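Student: Before anything else, here's the structure in question.
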Amino acid sequence: MIRINCPYCGERDHSEFSYGGDATINYPSLDASEKEWTRAIFFRKNIKGFQFETWHHSNGCRMWLVVERSTVTHEIKSVKPCHPDLQKVVENNK
Amino acid sequence: MTKFNAWNVIKNGLNGQSYWTRQWRDPEPKSSYDVVIIGGGLHGLATAYYLAKNHNIKNVAVLEKGWIGGGNAGRNTTIVRSNYMMPGNHEFYEHSLKLWENLSHELNYNVMFSQRAHVSLFHSPGAKDSVSRIYNIMRLHGTDAELWDLKTLKKKIPHLNYHNSRFPILGAAVQKRAGNARHDSVAWGYARAADTLGVDILQNCEVTGFTRKNGNIESIQTSRGIIKGKKIGFAVAGNTSVLWQMAELGNLPIESHKLQAFVSEAVKPLLDQVVVYGVGGAHFYISQSDKGSMVFGGDLDWYKSYAQRGNLPMVQDVAEAAMAIFPSLGRIRLLRHWAGVMDMTMDGSFFICKTPISNLYLNAGWNYGGFKASPASGWYFADLIANESPHNYVQNHNLERFEKGINIDERGAGPDPKLHG
């Protein structure tokens with residue numbers, strides 16, 4: 001079991017969460033070329049090692065989180081709220 | 001290499017089994033080859049075999065970082081079927097099934113292919129309609145497919161749980177020519193047959209880098225020295241992205257996920273078919289091996305991973321599915337379980353295609369279904385490498401299909417790799 005330290009709820013089993021995917025994808029502007037959109041939607045770095053990825057605390061607070069996790073050892077380095085403003089609120093309340 | 005036949009079995013039986021030769025050589029790497037296949041799994045070995053057999057290209061090396069049969073060749077549930085619907089896929093998998101039917105003779109090696117029928121249960125009128133459509137499409141293309149009503153199913157497999165009120169069994173979609181095979185035999189059989197035709201199988205030979213010249217890959221750096229190849233093929237599903245980035249080619253429409261499988265202790269004959277049960281997002285498939293063990297599996301672990309070990313929530317999911325459909329398994333004990341790393345693609349279909357590097361060819365993205373595909377995968381990948389252009393069946397199985405909007409999405413799940421089970 002992977003244990004994810006949710007900034008709102010505390011440390012929980014990963015079975016409480018749903019896996020999102022690569023958290024580093026930036027969608028291009030609406031008038032960008034088909035090639036750019038294809039790369040953003042379909043192509044992935046598929047990192048072997050530490051990556052930033054999204055998880056949804058679907059059986060908990062239902063907030064989206066950014067988790068820095070190794071895809072080899074499953075070790076987790078950091079867990080933060082997805083939204084930058086919420087990240088600030090969590091930091092200030094520490 | 002000594003052929004397997006009745007005469008040799010009797011002869012060796014009388015002289016203490018002393019005249020058998022080794023199954024394949026352990027050669028030192030040559031400095032250059034016409035074709036170098038990276039990845040000594042079922043697909044890589046099959047490719048080397050068909051290059052030599054169908055295209056008379058015999059100066060071929062297969063590089064394997066571990067040992068033959070030690071990767072995903074030994075991490076699967078050995079199911080062979082061809083119940084596919086999309087153009088390209090159904091022809092490809094049907095050809096694969098036909099190759100399976102003659103594989104033991106072709107390789108002079110018993111792969112224990114057993115056409116015991118693949119029985120896919122359905123649990124609602126909607127599911128019946130949906131599967132009827134797929135199985136009718138299969139029939140129109142000459143693949144065998146039939147629907148069993150509840151009466152037939154109860155007669156064939158009396159010990160399923162027919163009293164499940166949440167997911168009542170209404171019948172099954174059946175492919176009778178489908179079944180399973182012995183995974184090790186397939187790897188060893190292809191390795192032995194390819195070696196006999198002159199292919200060098202280089203084990204413990206890990207690729208560490210590429211040297212580029214004029215846009216091509218000139219040579220491959222490996223743990224056993226530098227090897228040159230006029231043409232190079234990747235067949236390393238699970239780790240394709242790693243090699244792809246080693247060749248500085250950027251991103252791929254692939255994520256690596258792990259899939260678990262389970263083997264129980266051996267029991268007396270209990271199940272004559274491969275049974276598949278899929279409801280409410282769960283997914284469960286089970287068969288009985290020749291040794292008597294129940295072999296079964298379920299879904300991915302749902303998060304991206306290169307680790308070849310499974311996590312416990314999926315063990316519980318699979319055990320629950322087993323109990324829901326086969327309550328008689330309740331007292332059976334698990335012997336072992338394992339996880340293999342899958343190339344999960346953005347539409348659930350594979351790649352056999354050319355790449356941005358003109359002497360590099362890609363075979364990847366096998367999702368859940370690499371085992372059954374291996375003969376046809378080798379056949380059409382060898383064809384692509386030898387003839388420089390893809391066969392009709394795999395003409396859309398390339399990296400450009402996403403930009404063109406011709407995704408080959410059997411499940412209709414969209415660009416989320418983990419959903420293409």
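The values are calculated or read from the model by the stated rules, or taken from the named source; none is laboratory data. Computed from a prediction, not measured in an experiment: that's the story for all the values here. For neighbour counting, all protein chains shown are included, and Cβ atoms are generated from backbone atoms with ideal geometry for every residue, glycine included. Note: areas computed on protein heavy atoms with side chains; ligands, DNA, RNA excluded. Shrake-Rupley method; radii C 1.70, N 1.55, O 1.52, S 1.80 Å.
Student: In contact (Cβ under 8 Å) with a residue 24 or more places away in the chain and within 18 Å of the chain's Cα centre (by Cα): is that true of B:Gly40 in this structure? Let's see the steps before the verdict.
Tutor: On the way: in contact (Cβ under 8 Å) with a residue 24 or more places away in the chain: yes; within 18 Å of the chain's Cα centre (by Cα): yes.
Yes, satisfied.
Student: Quickly run through the stretch B:104-122 and pick out the residues that are within 19 Å of B:Pro158 (Cβ to Cβ) and open to solvent by less than 20 Å² (accessible area, probe 1.4 Å).
Tutor: At the first step, the residues of the stretch B:104-122 found to be within 19 Å of B:Pro158 (Cβ to Cβ) are B:116-122.
Correct list: B:Ala117, B:His118, B:Val119, B:Leu121, B:Phe122.
Student: Continuing with this model, one more query. Select the strands (runs of 3 or more DSSP E) contained entirely in the stretch B:199-238, then report the ones holding at least 2 residues which are among the basic types (Lys, Arg). Spell out how you get there, then give the answer.
Tutor: Numbers: elements: B:200-202, B:207-213, B:216-222, B:225-234.
Filter on the stretch B:199-238 gives B:207-213, B:225-234.
Student: Please work out if A:Phe43 is over 12 Å from the mean Cα position of the chain (by Cα) and either open to solvent by 40 Å² or more (accessible area, probe 1.4 Å) or at pLDDT 95 or above (or both).
Tutor: Here the answer is yes, as A:Phe43 does meet what is asked.
Student: A further question follows. Does at least one position in the stretch A:55-68 carry a residue that is within 27 Å of B:Ser241 (Cβ to Cβ), surrounded by 13 or more Cβ atoms within 10 Å (Cβ to Cβ) and aromatic (Phe, Trp, Tyr)?
Tutor: Yes, the conditions are met somewhere in the stretch A:55-68.
Student: Still on this structure, please answer the following. Somewhere in the stretch B:123-132, is a residue without any contact (Cβ under 8 Å) to a residue 24 or more places away in the chain, out of contact with any helix residue (DSSP H, G or I) (no Cβ under 8 Å at 6 or more places or on another chain) and open to solvent by 80 Å² or more (accessible area, probe 1.4 Å)?
Tutor: Within the stretch B:123-132 (the criterion being without any contact (Cβ under 8 Å) to a residue 24 or more places away in the chain, out of contact with any helix residue (DSSP H, G or I) (no Cβ under 8 Å at 6 or more places or on another chain) and open to solvent by 80 Å² or more (accessible area, probe 1.4 Å)), the answer is yes, since at least one residue qualifies.
Student: Pairs under 9 Å by beta carbon, first residue in contact (Cβ under 8 Å) with a residue 40 or more places away in the chain in the stretch B:1-21, partner in a helix (DSSP H, G or I), six or more apart or different chains?
Tutor: Short answer, once both residue conditions are applied: B:Met1/B:Arg192; B:Met1/B:Asp195; B:Met1/B:Thr196.
Student: On to the next question. Out of the residues in the stretch B:216-258 meeting the condition of being among the β-branched types (Val, Ile, Thr) and within 14 Å of chain A (Cβ to nearest Cβ), tell me which one is most open to solvent (accessible area, probe 1.4 Å). Spell out the reasoning first.
Tutor: Pass one, the stretch B:216-258, residues among the β-branched types (Val, Ile, Thr): B:217, B:220, B:222, B:226-227, B:232, B:236, B:240, B:242, B:254.
Still in the running and within 14 Å of chain A (Cβ to nearest Cβ): B:236, B:240, B:242, B:254.
On the way: B:Val236: 30, B:Thr240: 0, B:Val242: 48, B:Ile254: 0 Å².
Step by step, filter the stretch B:216-258, then rank; the result is B:Val242.
Student: Which members of the stretch B:311-343 meet the condition of being under 30 Å from B:Asn89 (Cβ atoms), within 14 Å of another protein chain (Cβ to nearest Cβ) and either open to solvent by 30 Å² or more (accessible area, probe 1.4 Å) or in contact with a Lys or Arg (Cβ under 6 Å, 6 or more places away or on another chain) (or both)?
Tutor: B:Asp317, B:Ala339, B:Val341
Student: May I ask you to say which residue of B:Leu329, B:Leu360, B:Leu419, B:Leu335 is over 24 Å from B:Phe210 (Cβ atoms), touching a strand residue (DSSP E or B) at 6+ places or on another chain (Cβ under 6 Å) and of a type outside the set (Gly, Ala, Ser)? Spell out the reasoning first.
Tutor: Details: B:Leu329 fails: touching a strand residue (DSSP E or B) at 6+ places or on another chain (Cβ under 6 Å); B:Leu360 fails: over 24 Å from B:Phe210 (Cβ atoms); B:Leu419 fails: touching a strand residue (DSSP E or B) at 6+ places or on another chain (Cβ under 6 Å).
B:Leu335 is the lone residue from the list that is over 24 Å from B:Phe210 (Cβ atoms), touching a strand residue (DSSP E or B) at 6+ places or on another chain (Cβ under 6 Å) and of a type outside the set (Gly, Ala, Ser).
Student: If you don't mind, there's one more thing I want to ask. If I ask for residues that are free of Cβ contacts under 8 Å to residues at least 24 places away in the same chain and in contact with a helix residue (DSSP H, G or I) (Cβ under 9 Å, 6 or more places away or on another chain), which ones from the stretch B:233-253 would you list?
Tutor: Matches in the stretch B:233-253: B:Gly250, B:Asn251.
Student: Which one of these is within 18 Å of B:Ala194 (Cβ to Cβ), at pLDDT below 95 and open to solvent by less than 40 Å² (accessible area, probe 1.4 Å): B:Ala61, B:Ala73? Before you say what the answer is, go through the steps one by one.
Tutor: Values: B:Ala61 fails: at pLDDT below 95.
Step by step, each of B:Ala61, B:Ala73 is checked, and only B:Ala73 is within 18 Å of B:Ala194 (Cβ to Cβ), at pLDDT below 95 and open to solvent by less than 40 Å² (accessible area, probe 1.4 Å).
Student: Which fully enclosed strands (runs of 3 or more DSSP E) of chain A have 1 or more residues being hydrophobic (A, V, I, L, M, F, W, C) and facing chain B (nearest Cβ under 10 Å)? Give the derivation first.
Tutor: Details: elements: A:3-6, A:10-13, A:18-22, A:50-56, A:64-70, A:76-81.
The strands (runs of 3 or more DSSP E) meeting that bar are A:50-56, A:64-70.
Yes/no per residue for (1) under 26 Å from B:Trp100 (Cβ atoms); (2) in a loop (DSSP other than H, G, I, E, B); (3) not small (Gly, Ala, Ser):
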{"site": "B:Met344", "(1), (2), (3)": "yes, no, yes"}
{"site": "B:Ile352", "(1), (2), (3)": "yes, no, yes"}
{"site": "B:Ser358", "(1), (2), (3)": "no, yes, no"}
{"site": "B:Asn367", "(1), (2), (3)": "yes, yes, yes"}
{"site": "B:Ile385", "(1), (2), (3)": "yes, no, yes"}
{"site": "B:Asn396", "(1), (2), (3)": "yes, yes, yes"}
{"site": "B:Lys418", "(1), (2), (3)": "no, no, yes"}
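Student: Okay, next question. Given the residues B:Ala307, B:Ala261, which is the only one that is within 10 Å of chain A (Cβ to nearest Cβ) and either part of a loop (DSSP other than H, G, I, E, B) or under 19 Å from the mean Cα position of the chain (by Cα) (or both)? Break it down stepwise before answering.
Tutor: Numbers: B:Ala261 fails: within 10 Å of chain A (Cβ to nearest Cβ).
The conditions single out B:Ala307.
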